[in-house]
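Heads up: the structure comes next, in structure tokens.
The values are calculated or read from the model by the stated rules, or taken from the named source; none is laboratory data. Given the structure is predicted, the values throughout are model-derived calculations rather than measurements. Note that we place each Cβ from the backbone using ideal geometry, even for glycine, and neighbour counts take in every protein chain shown.
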Amino acid sequence: MTSPSTGNKTQWSLARRAARMNPSVIREILKVTEKPGIISFAGGLPSAKTFPVPEFAKACATVLANDAQAALQYAASEGYRPLVQMVADMLPWDVDPARVLITTGSQQGLDLVAKVLIDAGSRVLVETPTYLGALQAFTPMEPDIVSIDSDDQGLRIVDLRRKYQSGSAPRFLYVLPNFQNPTGRTMSEARRSELVAAAAELGLPIVEDNPYGDLWFDQPPPAPLTARNPDGCIYLGSFSKVLAPGLRLGYLVAPEAVYPKLLQAKQAADLHSPGFNQRMIAEVMQGGFLDRHIPTIRARYKAQRDAMLAALAREMPGQDEVDPDTRMVWNTPEGGMFLWARLPRGMDAVELLTKAVEKGVAFVPGLAFFADHPDPRCLRLSFVTPSVEEIRRGVAALAAAVRESMPVAA
Ligand SMILES: Cc1ncc(COP(=O)(O)O)c(C=O)c1O
């Protein structure tokens, strides 16, 4: 057989934005963790045990029995009307259904926002650290991404004001107030009200990403930023963490000034999100199912978080050291899926990963989540997919790796 490429002069010239699409650093790093038998704290996946399979089976049969032709047909880009209405009704502020757009996961919301709001060279403000998938969605549009210093209450308003003023008006601030990915931290009420007031004063639009807000452990987080200033914010929500990510459904709520453009960008991207899946989710949600289902996810994830906190306190070396710089420190997330830790001075999370994997446990080094000035000592631990027993064994293995890698005191 002759090669079809003989004499082929085709020249593929990639767009500038394609050059910016790099393989996820995390995926590359995590290839080493795919060995069988590894206990993984690395994944960003919800626990598959939370997927309501019997409810989906029933909903699937109902949709096919009652509405198969419409469910399998092309449909409106805005989304399946009953689901749009359910989204508007469940959000904690007065949402006009005409401002809701059903998306193919909230990841698509980030992509549409990037296409509609970012030009090459536009400044975009983000928290330090921030969600890697957002950086991946924004970067191809060639923005200048500026990190705002953050503490355990969220981003610092002083730094926001300083960086806002240090260049052209930013197109938006991207922020995750609830159980943030990667840190698990929650923005305090005081910080939220200060942020919304500062953004309104500066005229700075906010993109609020909230896939984890329902997964609180002891008390619900403070009200979303968007509830406080709907005209100044785009809100992104998701069904991935409360129902199932495989259906790829999320939503956004956007003010009139940008909604039509986001809708047009969506039409260009995929015409609409799968109508069949939208009907399934609407069917499952009938009769307040989420109000019964979400508490079971919260209870499961809280028990897993507690198991990880207890194991860390028990196993990590040097916990009686007074200087936090000489021992591993971690936070206590009040919801969500992730815990954030920082290694003792002189240690590097990427180097630790190799040793940890040898001992049978994996995590994500934190550096991938920084738009600039990465902190090599940070790491993200997911506590939702391994069992409590695996959490115990995994943390013991991680502690052994830390112990062996700790710099010897002078
Ligand atoms: C902060 C954040 N935003 C958005 C997403 C995307 O979620 P999905 O597209 O499944 O709704 C994720 C997924 O992990 C996330 O952590």
Of residues in the range 370-410 being among the acidic types (Asp, Glu) and farther than 30 Å from VAL146 by Cβ, the one surrounded by the most Cβ atoms within 10 Å (Cβ to Cβ): GLU390
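Is it fair to say GLU389 is at pLDDT below 95 and out of contact with any helix residue (DSSP H, G or I) (no Cβ under 6 Å at 6 or more places or on another chain)?
Criteria not met by GLU389.
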Answer residue from the range 83-109, given it is under 27 Å from ILE157 (Cα atoms) and in a helix (DSSP H, G or I) and is farthest from the ligand (Cβ to nearest atom) among those: GLY109
Tally of residues being more than 13 Å from the ligand (Cβ to nearest atom) and over 21 Å from PRO170 (Cα atoms) across the range 215-251: 10
Neighbours by Cβ (under 9 Å, 6+ apart or cross-chain): first from the range 258-269, of a type in the set (S, T, N, Q); second not in a loop (DSSP other than H, G, I, E, B): GLN264/VAL116
Of the criteria (1) in contact with a strand residue (DSSP E or B) (Cβ under 6 Å, 6 or more places away or on another chain); (2) surrounded by fewer than 20 Cβ atoms within 10 Å (Cβ to Cβ), which one ALA349 fails: (2)
Residues satisfying the stated conditions in the range 26-52, i.e. at pLDDT below 95, under 28 Å from LEU252 (Cα atoms) and surrounded by fewer than 18 Cβ atoms within 10 Å (Cβ to Cβ): ARG27, GLY43, LEU45
Test: residue in the range 185-200 that is touching a helix residue (DSSP H, G or I) at 6+ places or on another chain (Cβ under 6 Å), in a loop (DSSP other than H, G, I, E, B) and either modelled with pLDDT of 95 or more or small (Gly, Ala, Ser) (or both): no
Qualifying residue in the range 49-63 (condition: assigned to a loop (DSSP other than H, G, I, E, B), more than 21 Å from the chain's Cα centre (by Cα) and within 16 Å of the ligand (Cβ to nearest atom)): no
Subset tally (residues that are without any contact (Cβ under 8 Å) to a residue 12 or more places away in the chain and under 29 Å from ALA396 (Cα atoms)) for the range 49-72: 0
Failed condition for MET337, given (1) in contact with a helix residue (DSSP H, G or I) (Cβ under 8 Å, 6 or more places away or on another chain); (2) touching a residue at least 24 places away in the same chain (Cβ under 8 Å); (3) away from the ligand (no atom under 16 Å from the Cβ): (3)
From ARG162, ARG171, ARG191, ARG123, residue being surrounded by 17 or more Cβ atoms within 10 Å (Cβ to Cβ), charged (D, E, K, R) and without any contact (Cβ under 8 Å) to a residue 40 or more places away in the chain: ARG191
Considering residues of the range 53-101 that are among the aromatic types (Phe, Trp, Tyr) and closer than 15 Å to LEU249 by Cβ only, the residue surrounded by the most Cβ atoms within 10 Å (Cβ to Cβ): TYR80
Members of the range 120-149 found to be of a type in the set (Asp, Glu) and within 15 Å of the ligand (Cβ to nearest atom), listed by number: GLU127
Residue within the range 158-170 that is within 16 Å of the ligand (Cβ to nearest atom) and at pLDDT 95 or above present: no
Condition met for THR326 (modelled with pLDDT under 95, surrounded by fewer than 19 Cβ atoms within 10 Å (Cβ to Cβ) and over 17 Å from SER47 (Cβ atoms)): yes
